[in-house]
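Every number in this text was worked out from the coordinates using simple rules, so none of it is lab data. What you are looking at is a predicted structure, and each value in this text was computed from that prediction instead of being measured. No Cβ is skipped: glycine too gets one built from the backbone with ideal geometry, and neighbour counts run over all protein chains shown.
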Amino acid sequence: MAGYRRGRVNEEMVRELSSIIREVKDPRVSNALISITAADVTADMKYAKIYFSCIGQTDKKEVKKGLESAAGFIRKQIALRLNLRQTPELKFFTDDSIEYGANINRLLKQVEDDLHD
């Protein structure tokens, strides 16, 4: 039963974080197109790993620094929006899966175009 609750909390964290990030005033965050790809809350609900992806030509390290500096604001907003006994401490990690998939798609299209020529 605890795994089911964790899964629901993870989904709600992703949904709420996606909207909260748009409210962050730090230019490193507000000027970038950021997508929250996943959240992984520990079983004791004390910590949460947040995976994000940047779309476009933005510096991921700067975006990560901006997210880490806004972690207090983000955590407070999570506490206000989600009814949790304890609001987890947030740790941010880059997720390159979207870029990786786009690169694979580009390579497959290139091979397909080479076969037709």
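Each residue of region 30-45 is assigned a 3J(HN,Hα), and the resulting list reads 5, 8, 10, 8, 10, 10, 7, 8, 6, 9, 10, 8, 5, 4, 8, 6 Hz, derived from the Karplus form 6.51 cos²θ - 1.76 cosθ + 1.60 (θ = phi - 60°), x at Gly and Pro. Of the chain, which part is the longest with no trypsin sites (Lys or Arg not before Pro) in a loop (DSSP not H, G, I, E, B) and with at most 11 other C-beta atoms within 10 angstrom? Answer from the scan: 47-84. Across the chain, counting alpha-carbon atoms alone, Rg and Dmax equal 17.1, 61 Å. So what is the relative contact order of the chain, in percent, for Cα pairs below 8 Å that sit 6 or more residues apart? Relative contact order comes out at 26 percent.
The Cα center of region 64-117 and the Cα center of region 37-52 differ in position by 13 Å. Close amide H contacts of residue 92 (hydrogens built in the peptide plane, cut-off under 5 Å, sequence separation of 5 or more or a different chain): 50.
Most simply put, the chain has about 55% antiparallel DSSP beta bridges, counting only bridges with both residues inside it.
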